[in-house]
Amino acid sequence: MKNLRYILLSAVALVTLAGCDKWIDNAKTPSNSLTYDDLRRPGMMASVKGKILTDGALTANVKTLAGQASSAAFMALGAMTDELTPTKVPNALVYKALSDDNASSAGGEADGVFNSLQNLRARAEELLAIEASTEDDGSAGYEIVRAYARHTGHLYAGYAYKLLADCFSSNPSAAGEVPVNGKNLTHEALYAEAITHLQAAVREADAEVLRGMGGAFNRDLAVGSAEALLCKLYMSRGQYTEASAHLDAALGEKATMQIVYNVNGSPNGLYSTLGETARDVEVDADIVNSLRNDAERKAVPTATNKEGNRYLTNLQRHSPLTITDGAEMLLIRAELIVRGVRTGDALATVNRVITPYDAASALTTQPSLSDIDHLRRVYLFLRGERTLDYRRGLVDSAKQQTWQSRRLKWMPLPENETGKTND
């Protein structure tokens with residue numbers, strides 16, 4: 001059965017963005033480019049022809065940035081744990097600095113990751129602002145376009161706020177603050193913003209105007225994606241009862257929230273860094289050595305390139321980038337059963353994740369939390385979850401001690417974002 005997915009269209013670069021949060025939020029439109037009034041046209045958000053709903057440049061651009069932010073965050077978080085390790089002669093120093101526990105604000109190693117996340121947040125919120133100010137130009141499906149833009153803006157703004165809290169802190173050893181558009185927000189405030197946006201994304205996806213589009217708008221996928229992000233958010237914070245409340249409405253077993261790349265466009269950022277040409281970072285030998293059976297080796301398939309670096313063989317130039325999927329929801333369900341938060345058969349649940357790779361690799365006894373830790377490490381490899389699992393204490397005691405001894409448990413802010421709010 002085909003995975004359900006968000007289709008990423010080729011994006012138009014509307015605004016040149018650079019530098020810190022302040023410039024991202026106050027980006028200027030070049031004089032030879034589109035005006036703000038041009039951006040307010042409904043067609044810049046989406047278009048409707050019969051029962052076909054197509055992304056406009058603004059929504060497509062937000063999804064493009066979601067792919068860039070995801071790959072940047074997943075790679076950087078992976079380098080902080082036992083997922084990735086720097087190569088012997090890296091060009092980019094971000095992964096080495098994070099892996100070696102010596103990244104700093106002054107060094108600026110993680111600045112690119114910060115900018116990617118802030119860029120996604122600012123453009124998603126900009127989409128919401130433009131939608132609120134747009135005017136009916138007589139184009140077909142005006143209210144449908146607006147509702148779809150609101151859903152998209154809220155979904156990815158919520159995702160961006162979650163990533164900012166997951167990745168950065170003014171105190172990299174503990175939960176601190178992150179500057180956002182002129183204010184320093186605590187992690188609590190960032191997650192609250194994420195929750196507010198994601199709840200709004202659910203409401204917009206469930207609106208009657210979009211339901212009327214039938215198959216042109218996949219309501220279950222849209223709602224399920226937002227609910228899955230809410231479920232992940234609460235799991236990462238150890239709020240298991242709250243996570244459980246969102247699980248049943250989250251993505252189904254075969255559903256995937258992912259960015260699909262146009263073959264004529266930019267490549268998947270994970271491929272660019274960890275594909276066959278991997279140069280700066282490689283798959284950590286520890287996870288390769290931990291793979292226990294054929295299913296796990298298929299889930300994390302590696303080979304060595306001509307430079308001697310371990311890369312992921314299932315990454316292609318335009319491979320889709322998965323943000324979350326039904327398999328992750330099954331692993332969450334199994335963990336909640338093991339923790340006694342939900343009832344059910346944890347063994348049967350985890351085997352629904354394992355057996356699509358190899359039926360003979362199915363578990364035969366009920367999983368423990370240690371088993372859940374291992375399965376999440378393998379089947380959610382390079383999605384940023386490993387770092388979050390360390391923070392909530394899921395990882396086994398020996399590795400947990402190593403994690404606790406690290407100085408960097410979040411990435412440091414760029415130097416020009418420390419010790420102040422933005423003007």
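Checking the cross-link filter: which aspartates and glutamates have an alpha carbon closer than 16 Å to that of K232, excluding same-chain neighbours under 8 positions apart?
Cα-Cα hits under 16 Å: D166, E188, E193, E242, D248, E253, D325, E328, E335, D373, E385, D389.
For the range 140-281, rounded, prolate or oblate, judged on the Cα gyration tensor with a ≥ b ≥ c (square roots of eigenvalues), a/c < 1.5 rounded, else prolate if a/b > b/c?
Details: a/c = 1.66, a/b = 1.20, b/c = 1.38.
Because a/c hits 1.5 or more and a/b fails to exceed b/c, the range 140-281 counts as oblate.
Evaluate E = 1/(1 + (r/R0)^6) for N171 and S139, where r is the Cβ-Cβ distance and R0 equals 45 Å; express this FRET efficiency to the nearest 0.05.
Working: r = 49 Å, r/R0 = 1.09.
With R0 = 45 Å, the Cβ-Cβ based efficiency is 0.35.
Please work out the average accessible area per residue across the range 293-423, using the 1.4 Å probe convention, and give it in Å². Could you put the intermediate results ahead of the total?
On the way: 5530 Å² over 131 residues.
Roughly 42 Å² per residue, with all protein chains present.
Amide H to amide H, which residues 5 or more places from M411 or on other chains are under 5 Å from it, using H placed in the peptide plane?
F168, S169
Once you place label points 7 Å from the Cα toward the Cβ at E253 and A348, how far apart are they in nm?
Modelled inter-label distance: 1.0 nm.
Would you mind getting me the FRET efficiency between L369 and I52? Use the beta-carbon distance for r and R0 = 41 Å, nearest 0.05. Mind dumping the intermediate values first?
On the way: r = 47 Å, r/R0 = 1.14.
Calculated value: 0.30.
Given a Förster distance of 41 Å, report the FRET efficiency between D358 and N91 from their Cβ-Cβ distance, rounded to the nearest 0.05.
Using R0 = 41 Å, I get an efficiency of 0.65.
What residues qualify as long-range amide H neighbours of T302, i.e. H under 5 Å apart, gap of 5 or more or another chain, H built at 1.01 Å from N?
So T302 has HN proximity to T313.
Can you give me the long-range amide H partners of I323? Hydrogens built in the peptide plane at 1.01 Å from N, cutoff under 5 Å, separation of 5 or more residues or another chain.
Hits under the 5 Å cutoff: M257, Q258, I259.
Subtract the Cα-Cα distance of D294 and S397 from 0.36 nm times their separation in residues, and report this length gain in nm to one decimal.
Values: separation 103, 0.36 × 103 = 37.08 nm, distance 2.64 nm.
Full-extension gain reported as 34.4 nm.
Leaving ligands, DNA and RNA out of it, report the carbon-plus-sulfur percent of the accessible area of the chain at a 1.4 Å probe. Numbers along the way, then the final one.
Values: 8260 of 17090 Å².
Carbon with sulfur: 48 percent of the solvent-accessible area.
For the range 63-72, what does the Karplus curve 6.51 cos²θ - 1.76 cosθ + 1.60, with θ = phi - 60°, yield as ³J(HN,Hα) per residue in whole Hz, taken in order and with x for Gly and Pro?
Once rounded to whole Hz, the list reads 5, 4, 5, 5, x, 5, 5, 5, 5, 5.
Which stretch or stretches of the range 340-358 have amide N atoms under 19 Å from the point lying 7 Å from T313's Cα along the Cα→Cβ direction?
356-358
Name the most mobile residue of A174, A147, A360, meaning the one with the largest mean-square fluctuation, in a Gaussian network model of the chain with Cα contacts below 10 Å.
Of A174, A147, A360, the most mobile in the Gaussian network model is A360.
Tell me, what HN-Hα J-couplings in whole Hz come from the Karplus equation 6.51 cos²θ - 1.76 cosθ + 1.60 at θ = phi - 60° for each residue of the range 392-399, using x for Gly and Pro?
8, x, 6, 5, 4, 4, 5, 5
Once fully extended, how much extra length lies between A106 and A245, figured as 0.36 nm per residue of separation less the alpha-carbon to alpha-carbon distance?
Numbers: separation 139, 0.36 × 139 = 50.04 nm, distance 4.19 nm.
Full extension of this stretch gives 45.9 nm more.
With runs of 4+ DSSP H residues as the only contributors, calculate the mean residue ellipticity of the chain at 222 nm using -39,500 (n - 2.57) per run, divided by the residue total and rounded to the nearest 500.
Values: 18 runs with 202 residues, N = 423.
Estimated from H runs of four or more residues: -14500 deg cm²/dmol.
Choose one answer from A66, A250, A207: the residue with the largest mean-square fluctuation in a GNM of the chain with alpha-carbon springs under 10 Å.
Answer for the Gaussian network model of the chain: A207.
Residue by residue through the range 285-296, which ³J(HN,Hα) values in whole Hz follow from phi under the Karplus form 6.51 cos²θ - 1.76 cosθ + 1.60 (θ = phi - 60°), with glycine and proline marked x?
After applying 6.51 cos²θ - 1.76 cosθ + 1.60, I find 4, 4, 6, 4, 6, 8, 5, 9, 7, 5, 4, 5 Hz.
Run the 1.4 Å probe and let me know the accessible area of M329, rounded to the nearest 10 Å².
For M329, the solvent-accessible surface is approximately 10 Å².
I need the shape label for the range 247-322. Rule: rounded when a/c is under 1.5, else prolate if a/b > b/c, else oblate, with a, b, c from the alpha carbon gyration tensor. Could the numbers behind the result be given before it?
On the way: a/c = 2.67, a/b = 1.20, b/c = 2.22.
Here the range 247-322 falls in the oblate category.
The values are calculated or read from the model by the stated rules, or taken from the named source; none is laboratory data. A quick note: this is a predicted structure, and the numbers were derived from the prediction, not measured. Don't worry about glycine lacking a Cβ; one is built from the backbone with ideal geometry, like all the others, and counts go over all protein chains shown. For accessibility, only protein heavy atoms count, side chains too; no ligands or nucleic acids. Shrake-Rupley method; radii C 1.70, N 1.55, O 1.52, S 1.80 Å.
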